[in-house]
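Reading through the structure tokens given below for one structure.
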Amino acid sequence: MLEDQQWQPVPGTAGAGIYPFLRKPDVTCSNAYLIRTPGEILLVDTGADPAQMERILELVDDLLREAPRPVLLFLTHCHIDHCFQAVRNRRFRSLPDLSVAAEETGARALEAGDAVRTVAELMGREIEPLPVALSLLAARDCETLETDGGIILHRQQILLRSGDTLTVYHTPGHTPDSICIRLGGCLFIGDLLFSASPGIAGIAGWDQPALLETVGRARWILAHEPVTLCCPGHGRSIPVEAMPGLLDRLETDAARLSAVGAFDRARLADSLEHAADLLQEANRIFSAIAGRLYALAYRLDDLGEAEEARRYLDLLETDRIDGFLADFSQFADDFHAGEKLEVQFVLKAVQVIQRIEAHFAGDRLNHIVDASLLRRADRLLTDFMNTVFGYRETGFLSPADLSVVLREFVAAVSTPPFSDEAFVEAADNPVAYRAELASRLAYLPLLEDIDLVLDAEGSFPPVLVDRERFCDEVAGVLEDMAAAGAREIRLALRRERNAVGLLIRGSSPLSPRRIRFYRRKFGLSGASLAISGDGAGLFLILAPSS
């Protein structure tokens, strides 16, 4: 394993030393690897952090004072988190005998100052052209190998003045210009292992078929070349023994992404808006779930069922989820203060969702927490990930009589999910009895002390709707209106030419953010949303089924 910011030998070389700059994974800046040999100074990526670049330059200056020699920068690919300081740092660009090397397609993007291919546009950064002296893997300079799986691998060997050979392998997928670089036993793999991550998959130049083939290329390199350590573009070095499992995971993840959309400025903006809604709704939903569990545990404990009370508290790792959301909230404050980039905020939301998913098992709560609330929690997570991956978000639409759907919905929210008969039948079974008792103690009417009025008289054509999702979102609107102080809520069906309209009317208007949130959610259920004339209600239009 490499130690951060310390000189150490490069295994398998004639005395080369490496000084790595290892960072926690972060889209704003990559690792950088400074290598000294008697004949040259090598640098694999610079990263984008000014302080990191200043330290690199201090070390390079020291090495050049020891012995003047060429400085060669090899870029694993042209994304600005790996090369921004090479592009913008004047002192670096003025180093004597400096040469930049990049795969030929990346070289063209860098020399043109291409803000899309370098993702500078996505990151909100300004760049300028960077001259590339050595265009790697041009047809005349590389050899073509066939891997064990029949996949073609292009390889170029570069003899260094020190006598060592630096080998470059074309490993496209993350970007067309992605390369792996081997010096001795160290293989520098760039962003290979992150290529199927949310917010990375679909970025400019991303190519799923090429990435799947590159997994095979990487396996061949590890099996046939003298690699002992892999050095990624982000995070700590990886023993070669751990790489097969990581490649298996990458292949599995990449195989699922055939329908991924382009992650461009438009999708970033959509994801950013969704992330802001996610923070508010996640706090609301998980607080409601936790509140019901705490109330249930208190009542069970009061009845002498202390062990059962502890069991229910353990079902939801509330403290951890609260911690994730508090961390996200602080990150949001930093973002709004201009301290974080848009893409960082979106990827932070992805990280929070993944952590919540690891600690939230809604299926264990379905007999004590309203099923609609649990479904909304699950969809909150999956809908956001669909936005980030650019999947076309479509509900499971089918023909339905909306008047029947609403009558059944009103009956369901007005009826407790348990019966006296089931309670009596469970009396002789301690496990079943405790479950029935918990269900009763945890029950909280959706609209307690609210007068819910349904006006669905008349004949209405069938509409296309995702029935379950639609009803769950209606339940969310009713909860919002009740929380805003409504004491009467009316649901009124209307004919709108060939379509059907539903007016949900309470006494207080919803906030613009909640309206935006519900516009997205109802859209997935087959309904378009508008605001009633006085702003106190939502009007939903559903298209006919034929």
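Scanning region 490-546 for residues that are free of Cβ contacts under 8 Å to residues at least 60 places away in the same chain, among the small types (G, A, S) and in a loop (DSSP other than H, G, I, E, B), which turns out surrounded by the most Cβ atoms within 10 Å (Cβ to Cβ)?
G506
Can you tell me which residues in region 51-93 are out of contact with any Asp or Glu (no Cβ under 8 Å at 6 or more places or on another chain), of a type in the set (A, V, I, L, M), buried (at least 22 other Cβ atoms within 10 Å of the Cβ) and touching a residue at least 40 places away in the same chain (Cβ under 8 Å)?
I80, A86
For the structure I just gave you, tell me whether H82 is closer than 17 Å to N31 by Cα and touching a Leu at 6+ places or on another chain (Cβ under 9 Å).
Numbers: closer than 17 Å to N31 by Cα: yes; touching a Leu at 6+ places or on another chain (Cβ under 9 Å): yes.
Yes, satisfied.
Just to be sure before I move on: is G216 touching a residue at least 40 places away in the same chain (Cβ under 8 Å) and closer than 30 Å to A115 by Cα in the structure I sent? Steps first, answer last, please.
Working: touching a residue at least 40 places away in the same chain (Cβ under 8 Å): yes; closer than 30 Å to A115 by Cα: no.
When the stated conditions are applied, G216 does not pass them.
Could you say whether any residue in region 473-480 is touching a residue at least 40 places away in the same chain (Cβ under 8 Å), among the small types (G, A, S) and closer than 30 Å to Y298 by Cβ? Steps first, answer last, please.
Taking region 473-480 and keeping what is touching a residue at least 40 places away in the same chain (Cβ under 8 Å), we get 473-478.
Cutting the leftovers down to among the small types (G, A, S) gives us 475-476.
Then keep just the ones that are closer than 30 Å to Y298 by Cβ; that gives 475-476.
Looking for residues that are touching a residue at least 40 places away in the same chain (Cβ under 8 Å), among the small types (G, A, S) and closer than 30 Å to Y298 by Cβ, one finds at least one in region 473-480, hence yes.
Which number in (1) surrounded by 17 or more Cβ atoms within 10 Å (Cβ to Cβ); (2) modelled with pLDDT under 85; (3) in contact with a helix residue (DSSP H, G or I) (Cβ under 8 Å, 6 or more places away or on another chain) marks the one condition that A475 misses?
Exception for A475: condition (2).
Search region 137-150 for residues that are farther than 25 Å from A102 by Cβ and pair each with any residue that is among the small types (G, A, S) when their beta-carbon atoms are under 7 Å apart and the residues are at least 6 apart or on different chains.
Cβ pairs passing all conditions: G149/G216.
A quick yes/no check of all residues on (1) touching a His at 6+ places or on another chain (Cβ under 8 Å); (2) surrounded by 17 or more Cβ atoms within 10 Å (Cβ to Cβ); (3) within 30 Å of L441 (Cβ to Cβ); (4) not aromatic (F, W, Y):
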{"residue": "E308", "(1), (2), (3), (4)": "no, yes, yes, yes"}
{"residue": "T318", "(1), (2), (3), (4)": "no, yes, yes, yes"}
{"residue": "D334", "(1), (2), (3), (4)": "no, no, no, yes"}
{"residue": "E342", "(1), (2), (3), (4)": "no, yes, no, yes"}
{"residue": "Q354", "(1), (2), (3), (4)": "no, no, no, yes"}
{"residue": "E357", "(1), (2), (3), (4)": "no, no, yes, yes"}
{"residue": "L365", "(1), (2), (3), (4)": "no, yes, yes, yes"}
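Output the residue which, of all residues in region 1-44 that are of a type in the set (S, T, Y) and assigned to a strand (DSSP E or B), is nearest to S99 (Cα to Cα).
From region 1-44, those of a type in the set (S, T, Y) are 13, 19, 28, 30, 33, 37; that's our starting set.
Subsequent filtering for residues that are assigned to a strand (DSSP E or B) retains 19, 33.
Numbers: Y19: 19, Y33: 16 Å.
Applying the filter and picking the extreme gives Y33.
Return yes or no: is A288 more than 28 Å from E342 (Cα to Cα) and buried (at least 16 other Cβ atoms within 10 Å of the Cβ)? Walk me through how you get there before you give the answer.
Working: more than 28 Å from E342 (Cα to Cα): yes; buried (at least 16 other Cβ atoms within 10 Å of the Cβ): yes.
When the stated conditions are applied, A288 passes them.
Conditions (1) in contact with a Pro (Cβ under 6 Å, 6 or more places away or on another chain); (2) crowded, with 23+ Cβ neighbours inside 10 Å; (3) not aromatic (F, W, Y); (4) not assigned by TED's automatic domain parsing to the domain that holds L247, marked per residue:
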site: R155; (1), (2), (3), (4): no, no, yes, no
site: L159; (1), (2), (3), (4): no, no, yes, no
site: G173; (1), (2), (3), (4): no, yes, yes, no
site: F194; (1), (2), (3), (4): no, no, no, no
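Restricted to region 337-365, and to residues that are closer than 22 Å to D319 by Cβ and part of a loop (DSSP other than H, G, I, E, B), which residue is nearest to the chain's Cα centre (by Cα)?
Across region 337-365, the extreme among qualifying residues is F360.
Does I56 satisfy the criteria of being in a strand (DSSP E or B), more than 31 Å from the chain's Cα centre (by Cα) and of a type outside the set (F, W, Y)? Working first, answer last.
Details: in a strand (DSSP E or B): no; more than 31 Å from the chain's Cα centre (by Cα): yes; of a type outside the set (F, W, Y): yes.
When the stated conditions are applied, I56 does not pass them.
Report, ordered by the first and then the second residue, all pairs with beta carbons closer than 7 Å, sequence separation of six or more or different chains, a first member in region 384-410 that is at negative phi, and a second member that is basic (K, R) and modelled with pLDDT of 90 or more.
Pairs found: G395/R469; A400/R467; V405/R467.
Would you call T415 under 29 Å from D270 (Cβ atoms) and modelled with pLDDT under 90? Write out each step before concluding.
On the way: under 29 Å from D270 (Cβ atoms): no; modelled with pLDDT under 90: yes.
No.
Taking D302 as the residue in question, decide whether it is in contact (Cβ under 8 Å) with a residue 24 or more places away in the chain and either surrounded by fewer than 17 Cβ atoms within 10 Å (Cβ to Cβ) or not hydroxyl-bearing (S, T, Y) (or both).
Details: in contact (Cβ under 8 Å) with a residue 24 or more places away in the chain: no; either surrounded by fewer than 17 Cβ atoms within 10 Å (Cβ to Cβ) or not hydroxyl-bearing (S, T, Y) (or both): yes.
Considered against the rule, which asks whether it is in contact (Cβ under 8 Å) with a residue 24 or more places away in the chain and either surrounded by fewer than 17 Cβ atoms within 10 Å (Cβ to Cβ) or not hydroxyl-bearing (S, T, Y) (or both), D302 comes out as no.
Looking only at region 478-534, count how many residues are among the β-branched types (V, I, T) and closer than 24 Å to A412 by Cα.
Taking region 478-534 and keeping what is among the β-branched types (V, I, T), we get 489, 500, 504, 515, 531.
Filter once more, keeping what is closer than 24 Å to A412 by Cα: 489, 500, 504.
Of the residues in region 478-534, 3 are among the β-branched types (V, I, T) and closer than 24 Å to A412 by Cα.
Which of the residues spanning region 241-292 are of a type in the set (A, V, I, L, M, F, W, C), farther than 30 Å from T118 by Cβ and either in contact with an Asp or Glu (Cβ under 7 Å, 6 or more places away or on another chain) or not assigned by TED's automatic domain parsing to the domain that holds L380 (or both)?
Scanning region 241-292 gives a single hit, A242.
If we keep just the residues of region 4-40 that are among the polar types (S, T, N, Q) and touching a helix residue (DSSP H, G or I) at 6+ places or on another chain (Cβ under 7 Å), which is surrounded by the most Cβ atoms within 10 Å (Cβ to Cβ)? It would help to see each step written out before you state the result.
In the first step, residues of region 4-40 are kept if they are among the polar types (S, T, N, Q); the result is 5-6, 8, 13, 28, 30-31, 37.
Then keep just the ones that are touching a helix residue (DSSP H, G or I) at 6+ places or on another chain (Cβ under 7 Å); that gives 28, 30.
Details: T28: 17, S30: 32.
Here the residue is S30.
Return yes or no: is E103 surrounded by 16 or more Cβ atoms within 10 Å (Cβ to Cβ), charged (D, E, K, R) and closer than 22 Å to T171 by Cα?
Criteria met by E103.
All but one of (1) outside the structural domain of E128 (by TED's automatic domain parsing); (2) more than 27 Å from P172 (Cβ to Cβ) hold for R91; state the number of the condition that does not hold.
Just one mismatch for R91, condition (1).
The values are calculated or read from the model by the stated rules, or taken from the named source; none is laboratory data. In this text the structure is predicted, and so the values were computed from the model without any measurement. Ideal geometry is used to build each Cβ from the backbone, glycine not excepted, and the neighbour counts take in all protein chains shown.
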